[in-house]
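The values are calculated or read from the model by the stated rules, or taken from the named source; none is laboratory data. Predicted model, so just to flag it, every value in this text is computed and none were measured. A quick note on method: Cβ atoms are made from the backbone with ideal geometry, for glycine too, and the neighbour counts reach across all protein chains shown.
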């Protein structure tokens, strides 16, 4: 049995010399020190040894186990250091090699246009106010003179979170929230995302950005509205721009109008860009409906006001000659790098 113990130790040392990986070392450990390993088998044989020889044999087996454990642990440290050195060699950086050039980003076209629009109204004394995108039915519809079952809801029905709560369909709810908390005079614009159940195509999207603006004070007239929007159109599309107001309909304004500018491509002569009309629609507007003023706690006999709203994607498409609204949301670098 003593010869067998010496043989096991010599074999372990010989095999250990050929191990060059941690996985191989683990296999070797299991072969000699595992539950079914060589040393376990030797220990099972102690029952066949005489009582006088058994203590000495047991000590020999323990020494064998300790010797193999030590040489395996030593080998393990050597292999770990070798592995670390290999990783260092493979991952080292040549500091003399030219670095990668950092590519500078730029603002999204919607951001550029939104900032230009905001600056135009800030210069006219308007302030910027934000509002929630998840809105209640009351602020999104009822407070704006669009009661339940009103036909106009067909144009604005959207994504409901739960009964009475939906993703806002326009930024107009901000108008009511501001008026409830503040007293005239008010000159406010609000910008943000809106959501409607529109099929996606070149000119429609279920999510879009809108800018809402309104002014409320004593003696505000439609002439004030026209003056503000004339200045805005000239600021954004050129000082030579002319505007045209045609009758429109919005439940929260009366009277209401659609605003057009003369085509800046053909100077109003008629071209493909303006579909031969010489005019381009840019936004909707009107005088704040008396019912909306009443819902805000204002006296419509004392206060009047105007409101307007525009889709920022449409403004950007007109300004930059973009033909498909989907380009704004696809994150195609070839498109974005143009701005």
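When the residues of the stretch 203-237 are filtered to those that are without any contact (Cβ under 8 Å) to a residue 60 or more places away in the chain and part of a helix (DSSP H, G or I), the one that is farthest from residue 122 (Cα to Cα) is 223. Checked against the criterion of being farther than 20 Å from residue 122 by Cβ, touching a helix residue (DSSP H, G or I) at 6+ places or on another chain (Cβ under 8 Å), surrounded by fewer than 18 Cβ atoms within 10 Å (Cβ to Cβ) and free of Cβ contacts under 8 Å to residues at least 40 places away in the same chain, the candidates 246, 148 yield just one match: 148. I'd like to know if the stretch 104-112 contains one or more residues that are without any contact (Cβ under 8 Å) to a residue 60 or more places away in the chain and either exposed (fewer than 11 other Cβ atoms within 10 Å of the Cβ) or at positive phi (or both). Yes, the conditions are met somewhere in the stretch 104-112.
Which count do you get for residues in the stretch 288-339 that are exposed (fewer than 12 other Cβ atoms within 10 Å of the Cβ) and either in contact (Cβ under 8 Å) with a residue 60 or more places away in the chain or within 27 Å of residue 108 (Cα to Cα) (or both)?
Total meeting the criteria: 11.
Among the conditions (1) assigned to a loop (DSSP other than H, G, I, E, B); (2) under 23 Å from residue 190 (Cα atoms); (3) in contact with a strand residue (DSSP E or B) (Cβ under 8 Å, 6 or more places away or on another chain), residue 297 misses just one, which is (3). Here the condition is being surrounded by 21 or more Cβ atoms within 10 Å (Cβ to Cβ) and without any contact (Cβ under 8 Å) to a residue 24 or more places away in the chain; of 271, 263, it holds for 263 alone.
Residue-by-condition table, conditions (1) outside the structural domain of residue 83 (by TED's automatic domain parsing); (2) within 16 Å of residue 63 (Cβ to Cβ); (3) surrounded by fewer than 14 Cβ atoms within 10 Å (Cβ to Cβ); (4) modelled with pLDDT under 75:
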residue	(1), (2), (3), (4)
7	no, yes, yes, no
10	no, yes, yes, yes
14	no, no, yes, no
21	no, no, yes, no
26	no, no, no, no
32	no, yes, no, yes
36	no, no, yes, yes
42	no, yes, no, yes
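Please count how many residues of the stretch 87-125 are at pLDDT 90 or above and part of a loop (DSSP other than H, G, I, E, B). Matching residues across the stretch 87-125 total 4.
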